[in-house]
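Notes follow the structure.
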């Protein structure tokens, strides 16, 4: 599947891709749960956008993948792989799009969620979605940043870094130049890589994943990396 460009029938491409990797029943169940989650939260994060369809003014544009929202089901499974309570933790989504993962992180209980997104249209949608739900999560601070993730300095306070396959291999290598020093800090930190097509690049920089989450057909949905102080 081409993660850079949107096809003429993107929903069909995604459906066929999911059929291949999850099967019909699981694909339909996943789609229904995502629709239900959107209705429950009252947000709009569906759709897809290629980087050449968005207003982006930064060096990592060419390495950007197609925008697609994070699956709430896979997100929950990834959070369950982490060995701590989130009430005193800070979550960073690199490539935060329309804000779904940030909202799911707030729902999970993080005290602060930070998003970095290079497309202003997607960031504007994230603001809109967060405004709709922030009263539900009074204990969570939402922070949105617009800019190039490859030039973004990861704050010291971050405990969990989240990637939903945002970049191609070259851009992921560039991102690891930012992440590797973070893993050298004297604190525990986890990186959640969903749909980890360039997991080998992370392994070169960060070592082997501490946890793997497979889908129903045995493919890898999530790779979890960690530096534990």
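Every read-out reported here was derived from the displayed coordinates using simple, explicitly stated rules and does not represent laboratory data. Since the structure is predicted, the reported quantities are computational estimates derived from the model, not experimental observations. Neighbour counts are summed over all protein chains in view; Cβ atoms, including those assigned to glycine, are modelled from backbone coordinates with ideal geometry.
Results, tabulated for the structure shown:
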read-out	value
Fewest-first sequence of 148, 153 by Cβ atoms within 10 Å of each Cβ	153, 148
Whole-Å distance, taken between Cα centres, linking segment 179-226 and segment 82-127	18 Å
217, 98 arranged by Cβ crowding within 10 Å, fewest neighbours leading	217, 98
Alpha-carbon spread of segment 86-206, three principal axes, descending order, Å	41, 32, 23
Computed over segment 154-229: relative contact order in percent, which uses C-alpha pairs under 8 Å that are six or more apart	34 percent
